[in-house]
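Values in this text are rule-based calculations from the coordinates and carry no lab data. All figures in this text were calculated on a predicted structure; none of them were measured in a lab. Reconstructed Cβ throughout: ideal geometry from the backbone, glycine too, with neighbour counts over all protein chains shown.
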Amino acid sequence: MCGRYYIDPEDDIEELLAIPVAASSLEAKRYGEIRPADTALVLANNRNMQQRLFPMKWGFPRPDGKLLMINARSETAQQKAAFSESAMKRRCIIPASGYYEWSRKDRETNQKQKYAFSKPDSRLIYMAGLYMVDEASRVPYYTILTKDAAPHIAEIHGRMPVILPRDAIANWLSPAGSYPELISFANSDIRASLAEQ
């Protein structure tokens, strides 16, 4: 699972990716901790198959109007009604400085510890995601794909985002790119450090 991620104030996503932000009535949160239902910059192809940063809201709405679907299991997204069409046609990348996860409760203190995860050799990570556009409001929403956590961080949390290498982004965004093959490129070279509560 990925329930929060963050963008360091020194990491200007538009500048680092050298990709323009598409015009939108939505105002994206550009720095700090990104929470479910926030609007953030997400990389996707426009209708002309050019990469653009789009402001999108985090979390697919559920038909019953309850909790948002902020994550989708990469292993089953292609088969789930809520995600299958997006897995084929509407893929995106969520750029971030890193993400947060909370450990299981400590038996002695009954507390959870917050950890920050990032790549040791890169200012940004590129989380694979899916997006959809609400037909009535025309508001775009995204969800982050997850996979089993890498062995060295699994004791903190059993799932992690699907993090792709930068050179796989164009293929991931293309509907012609093979979903299973690209998911297999997911990067596990992630480091964990204690985060401020």
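Look at the alpha carbon pairs under 8 Å that are at least 6 residues apart: their mean separation over the length of the stretch 103-146 gives a relative contact order of 24 percent. Charge tally around residue 147: other residues with Cβ under 12 Å, Lys/Arg +1 each, Asp/Glu -1 each, net 0. Its relative contact order, with pairs defined as Cα atoms under 8 Å and 6+ residues apart, puts the chain at 22 percent. Which residues make up the longest stretch of the chain clear of trypsin sites (Lys or Arg not before Pro) that lie in a DSSP loop with no more than 10 other Cβ atoms within 10 Å, not counting the sites? In short, 139-197.
Between the labelled values [x] 16.1, 56; [y] 20.3, 65; [z] 20.8, 60, the entry that holds Rg and Dmax of the Cα atoms in Å as derived from this structure is [x]. Using a Förster distance of 30 Å, how high is the FRET efficiency between residue 123 and residue 64, based on the Cβ-Cβ distance and rounded to 0.05? Once the sixth-power term is evaluated, E becomes 0.15.
Quick check: net charge around residue 36, other residues with Cβ under 15 Å of its Cβ, Lys/Arg +1 and Asp/Glu -1? Here the charged neighbours net out to +3.
Arrange the following residues from fewest to most other Cβ atoms within 10 Å of their Cβ: 88, 56.
Details: 88 12, 56 26.
In order of increasing Cβ crowding within 10 Å: 88, 56.
Considering only 76, 149, 131, and ranking their Cα positions along the charge dipole of the stretch 46-158 that arises from unit charges at the beta-carbon of Lys, Arg, Asp and Glu, the one farthest toward the positive end is 131.
For the chain, what does -39500 (n - 2.57) per DSSP helix run (n ≥ 4), summed and divided by total residues, give at 222 nm, in deg cm²/dmol to the nearest 500? Can you show the working numbers first?
Working: 4 runs with 21 residues, N = 197.
Counting only the DSSP helices, I get -2000 deg cm²/dmol.
Placing a label point 7 Å from the Cα of residue 26 along the Cα-to-Cβ direction, the residues of the stretch 79-105 with a backbone N closer than 14 Å are 91-95.
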